[in-house]
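The values are calculated or read from the model by the stated rules, or taken from the named source; none is laboratory data. Being a predicted model, the structure only gives us computed values, none of them experimental. Cβ placement follows ideal geometry from the backbone for every residue including glycine, while neighbour counts extend to all protein chains displayed. Heavy atoms of the whole protein, side chains included, go into the accessibility calculation; ligands, DNA and RNA do not. Shrake-Rupley method; radii C 1.70, N 1.55, O 1.52, S 1.80 Å.
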There are 2 protein chains.
Amino acid sequence: MHSTYLRTTTCGDLTAANINQTISLSGWVARSRDLGGMTFIDLRDRYGITQLVFNMETNAPLCEIARTIGREFVLNIKGIVTERSNKNPNMATGDIEIVVSELNILNTSKLPPFTIEDTTDGGEEMRMKYRYLDLRREPVRKNLQLRHKMAREVRNFMDSMDFIEVETPVLIKSTPEGARDFVVPSRMNQGEFYALPQSPQTFKQLLMVAGFDRYYQIVKCFRDEDLRADRQPEFTQIDCEMAFVEQEDVLVVFEGLVQHLFLAVKGITIEKMPRMTYHHAMTLYGNDKPDIRFGMQFVELTAITQGKGFKVFDEAELVVGICVSGAADYTRKQLDELTDFVKRPQVGATGMIYLRHNTDGTLKSSVDKFFNEDELNKWSAAFDSKPGDLILVLAGTAAKTRKALSELRLEMGNRMNLRDKNTFAPLWVLDFPSFEWNEDSKRWHAMHHPFTSPKPEDIPQLDTETGNVRANAYDLVINGVEIGGGSIRIHNKELQAKIFKILGFSEEDAQAQFGFLMNAFEYGAPPHGGIAFGFDRLVSLFGGSDSIRDYIAFPKNNSGRDVMIDAPSTISEMQLKELAIQLRDK
Amino acid sequence: MHSTYLRTTTCGDLTAANINQTISLSGWVARSRDLGGMTFIDLRDRYGITQLVFNMETNAPLCEIARTIGREFVLNIKGIVTERSNKNPNMATGDIEIVVSELNILNTSKLPPFTIEDTTDGGEEMRMKYRYLDLRREPVRKNLQLRHKMAREVRNFMDSMDFIEVETPVLIKSTPEGARDFVVPSRMNQGEFYALPQSPQTFKQLLMVAGFDRYYQIVKCFRDEDLRADRQPEFTQIDCEMAFVEQEDVLVVFEGLVQHLFLAVKGITIEKMPRMTYHHAMTLYGNDKPDIRFGMQFVELTAITQGKGFKVFDEAELVVGICVSGAADYTRKQLDELTDFVKRPQVGATGMIYLRHNTDGTLKSSVDKFFNEDELNKWSAAFDSKPGDLILVLAGTAAKTRKALSELRLEMGNRMNLRDKNTFAPLWVLDFPSFEWNEDSKRWHAMHHPFTSPKPEDIPQLDTETGNVRANAYDLVINGVEIGGGSIRIHNKELQAKIFKILGFSEEDAQAQFGFLMNAFEYGAPPHGGIAFGFDRLVSLFGGSDSIRDYIAFPKNNSGRDVMIDAPSTISEMQLKELAIQLRDK
């Protein structure tokens, strides 16, 4: 299949069936062993590794050359496939070796800064600077092959469902709503700028107005945000939209996509996915993306714990805890660690109360002074705890306490080994609030985005109970990671204008920024809705890693730099001049 | 298949087999006819058109509503599939109509600025401003469906050949070589800029160094050029690269891709493609992308026409012509038109000589005064002309005359109807020169790009006969349009450095801009080569149009503007400040 002028086969193809064939191969020197009389070279390409053998007795001149060849040299050889005396059952080509008759050094190599092996990577900085060498390592290449396979399976599924892939523009218009845009100065329209899309949101909605009915795109998006480990300034989205649908239609189609991907890529059957409202997710897990691979659902103790003289509980808006099965043997030291954990600023609790349900059935808490056995039995009953369980309780203001307990729950999930990377627990989270109040800007922000339709039954409360209006919005969560999110959109100009007003847009601003969309709604916009999946994150989830960088060929670092090509970089004064911009004085 | 809450089927699905079924449909009002007692509405969606019928006798209230409904309203109806008395064999759904029992107006529509029909488009400006309405027209939507289908077939083929699709970055580094870059100011690295890629050239080469072996990508690329009708600031490329190959390997694989596309998309079998050297293309067609759907190859007359006293020929570096079969009956007026044509500044000839080979066998030329019958017989012999042919001759400096004659040849191809849009004549053009001299910058430019390998046998002449060095470069031309181009790349640091030197790069510049690539070459770069196809142009060729804009969902106009969303646009002072740039005073 890969026969070219430089090879008749690849380093992953030859087996005992090829013995006695004359073949040619090209690849890199992965390893070489000079045993005096014989020299062995492992030749590597994308497809595998094949052992070459050179013999001083039968071909001394060639063997002498082979002895001088270093790691990562590029060779082209001709030889005969021979049965190995010392077979390697762990290698696809382990039954054979090649007795080389012709050797052509296609290129030499300096000593690489790290050895190209599965387990050596020279550290993050070195890997990124020499990414072309890092990518030679099999685990890294496999990550990108997984990405390719997943993109292909996404397309297979979407095509089979009659979705049309449409390319939307990359040079668009800057809109201040949402995250910060990357902008591109226009030379032909001086003083004006394009923006790179944060998502193709408005274009996919226009495609629905245009009657495209079912659209998708695997597409690069851009956000100029301060970066965290799992964020990149450019990232890839599976972007989808459907017309003439309600929420249920969208959920069914994309549950199908997720099931297809798990089956086609990992051979895993995913059953009908559970659904949970945002309200339940927050109440039971303190988190709008709960990891439901394990239980430890929140149990609220406020009612049964207040008025017993324990000030921390009495003054708390919420007393809430989790029950950890099989952790009753936690030592004082371990419990102190947990207390330290919840007190970390990122977690934000002020302390932690525990109740140990000992294996002998007795109960022991850190607040025995305030709660007698009867009271503690009520706690135990609330959690339905069993001997051997450990109950951990936090108290304080509701939102902050839930957030802290969610972190503690995930920590306990890790400690109890309940978060297996090979178990996948998808979940739909539904009924998000439409708006959240932003204290900094003193205005309502759209929780999803400004194009999201409120639930029709909540529309009458838009002005009176803005914070309680629920959106026709949904997130797909897998193992505690938000993999996708979407909504049914507004398709009515008046409602869209009303939402912009609630979000603090003046009529002029709304018109200037989104006039084209609101105008489009006047020419027969159909009901429509969609979803977008974070493709980098989905691939890393399938690959079993927390870092999306491992699944991006040429990622940027936390300062937004590509250290391999050294970008961004300065540009010439002539370029600046043509663009009619200049640098500001520092 | 498309059953949702808002429809059980689509407007393209129902046939006589569905008669008596109760169905629901959603779509747009394409047309409505109020016949008094009955009202007919053609309901349109992406899949087709279905006729709805409302009857005053059986359901007067509903029929009254139907009479008020305007074009492009969005309807959801329920009804019974009924046999039509007046069948329409030209429509997939022409055997049936829907007797409507429930009618739900999902959205109203203002009167569109142009009627949504195949043949009405309101003119280019209106189409682009209301692109979401233009896209509702079937021919426009079909163009984008063709694009989707072609992208799918490209991926099917490339996947079947073991190519891996890898996403390369969009935020890269600006390099002055080649066309002008779009740049993106970096907020996190103030004073520095990313550039948008003109192509993923260096990244795909690094993927070869990384051992990816076979890479492809359907990818957006960007060029900040002054725009012509067939250029867009952002365009899409099928970008491919292979390792361990020579030119022949690349040609074979991508000839296969082109054959696959023609067969899968258009049902056309493409035979083995002819090949032609650049030298032959220029000599025989005056053009490095000859349209070989028709002959009219150039015949040089310099030797047999000089020294006869005709100054125009005597002073010319080249006298060259074409023979147009069946055009001997061209009138004086038509010949004058052709003379005017070649004298247009874009064509650039100073005049045109003709020789008519009359149907009675006699020869008549515009320069009978200088050339007697014997001499004209020599011309006729050179062209192997037949009675009925018309020979057209230009003279002047070689390059300019060839270019002008190439234009005249294409014009005659058009006039003689030899350029049928449904005939496809692919051609490989090979052996391009490596360099061309640029008079403006007084230096050599790379004809393909600086990474192209010269032919090994020409490398010794790099310094001595720079202009005669041929590249291992190839173009795919179909019907006179350059559809793809590629080359075998340099994989050796010294040769790459040498080429940069010939192109006028200082060692420092070469290192600053392409150091990462040259460094990569030191760690075992394999021989490699590839090709890139202009996807927009390929789709428009398949679709039978000259304009790539017809195959782009949201194209920009000749000023680089998206007139629908009004981009580019000004951005806020705060955005400029965060990016540490400011506008220059005009």
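For the reader, a short list of remarks on this structure follows.
- Between B:E57 and B:R152, the FRET efficiency from the beta-carbon distance, with R0 = 41 Å, is close to 0.25.
- Cross-link pairs B:K129/B:K577; A:K556/B:K501; B:K289/B:K501; A:K333/A:K369 - those with Cα-Cα distance over 24 Å: B:K129/B:K577; A:K556/B:K501; B:K289/B:K501
- Compactness ratio for the stretch A:294-415: Cα radius of gyration over 2.2 N^0.38 Å (N = residue count) comes to 0.95.
- Excluding ligands, DNA and RNA, the accessible surface per residue across the protein assembly as shown is 40 Å² with a 1.4 Å probe.
- Cα-based shape type of the stretch A:2-98, given that a ≥ b ≥ c are square roots of the gyration tensor eigenvalues and the cut on a/c is 1.5: rounded
- A:K501-B:M38 FRET efficiency (beta carbon distance; Förster radius 45 Å; 0.05 resolution): 0.55
- Axis of helix B:138-160 versus longest Cα principal axis of chain B: the two differ by about 60°, to the nearest ten degrees.
- For the stretch B:390-523, dividing the convex hull volume of the Cα atoms by the residue count gives 156 Å³ per residue.
- Cα gyration tensor category, rounded, prolate or oblate, for the stretch A:456-586 with a/c compared to 1.5: oblate
- For the stretch A:77-88, 3J(HN,Hα) computed residue by residue from phi via the Karplus equation (6.51, -1.76, 1.60; θ = phi - 60°) reads 10, 10, x, 10, 6, 10, 6, 7, 6, 10, 5, 10 Hz, glycine and proline entered as x.
- Computed over the stretch B:246-342, the ratio Rg/Rh where both radii use C-alpha atoms and Rh is Kirkwood: 1.13
- For residues of B:123-136, the mean tally of beta carbons on other chains within 10 Å: 4
- Think of each Lys and Arg Cβ as +1 and each Asp and Glu Cβ as -1; about the Cα centre, that makes the dipole of chain A roughly 1320 debye.
- The residues of the stretch A:503-524 occluded by other protein chains by 20 Å² or more of accessible area, set against the chain on its own, are A:F516, A:E522, A:Y523, A:G524; surface from heavy atoms, 1.4 Å probe.
- Cα→Cβ-extended label distance, 7 Å offset, between B:L263 and B:N414, nm: 3.5 nm
- Backbone phi angles across the stretch B:184-195, fed through the Karplus curve with coefficients 6.51, -1.76 and 1.60 (θ = phi - 60°), yield HN-Hα couplings of 10, x, 9, 6, 7, 10, 4, x, 10, 9, 8, 10 Hz in residue order; Gly and Pro are listed as x.
- Two-site FRET efficiency, A:D509 against A:D463, from Cβ-Cβ distance with R₀ of 22 Å, rounded to 0.05: 0.65
- Per residue Cα convex hull volume in Å³ - calculated over chain B: 237 Å³
- The slack between A:R332 and A:T68, meaning 0.36 nm per residue of separation minus the straight C-alpha distance, is 88.9 nm.
- DSSP-loop trypsin sites (Lys or Arg not before Pro) across the stretch A:319-389, with at most 12 other Cβ within 10 angstrom: A:K369
- Those trypsin sites (Lys or Arg not before Pro) in the stretch B:229-280 that DSSP places in a loop and that have at most 12 other beta carbons within 10 Å: B:K272
- Computed about the Cα centre, the dipole magnitude for the protein assembly as shown is approximately 40 debye when only Lys and Arg (+1) and Asp and Glu (-1) carry charge, each at its Cβ.
- Globularity index of the protein assembly as shown, i.e. its alpha-carbon radius of gyration over 2.2 N^0.38 Å: 1.10
- Solvent-accessible area of chain B (1.4 angstrom probe, protein heavy atoms only): carbon and sulfur portion equals 49 percent.
- Using just its DSSP H runs of length 4 or more, each adding -39500 (n - 2.57), chain B gives a mean residue ellipticity at 222 nm of -8000 deg cm²/dmol after division by all residues.
- Inter-chain Cβ neighbour count for A:100-113, averaged per residue, equals 3 (cutoff 10 Å, partner chain atoms only).
- When both the stretch A:60-123 and the stretch A:467-527 are represented by their alpha-carbon centers, they are found 59 Å apart.
- Cα centre as origin, Lys/Arg/Asp/Glu Cβ charges: the stretch B:452-564 dipole, Debye: 260 debye
- Whole-angstrom gap from the stretch A:291-307 to the stretch A:383-426, using each part's C-alpha centre: 9 Å
- Interface area, A with B, accessible, probe 1.4 Å, both sides summed, Å² nearest 100: 11900 Å²
- In the stretch B:88-245, the inverse of the mean reciprocal separation of distinct Cα atoms equals 20.3 Å; this is its Kirkwood hydrodynamic radius.
- Across the options A:L171, A:Q145, A:V183, the greatest Cα extent toward the positive end of the charge dipole of the stretch A:143-184 (unit charges at beta carbon of Lys, Arg, Asp, Glu) belongs to A:Q145.
- The mean number of partner chain beta-carbon atoms within 10 angstrom of a residue's beta-carbon across peptide B:189-202 is 5.
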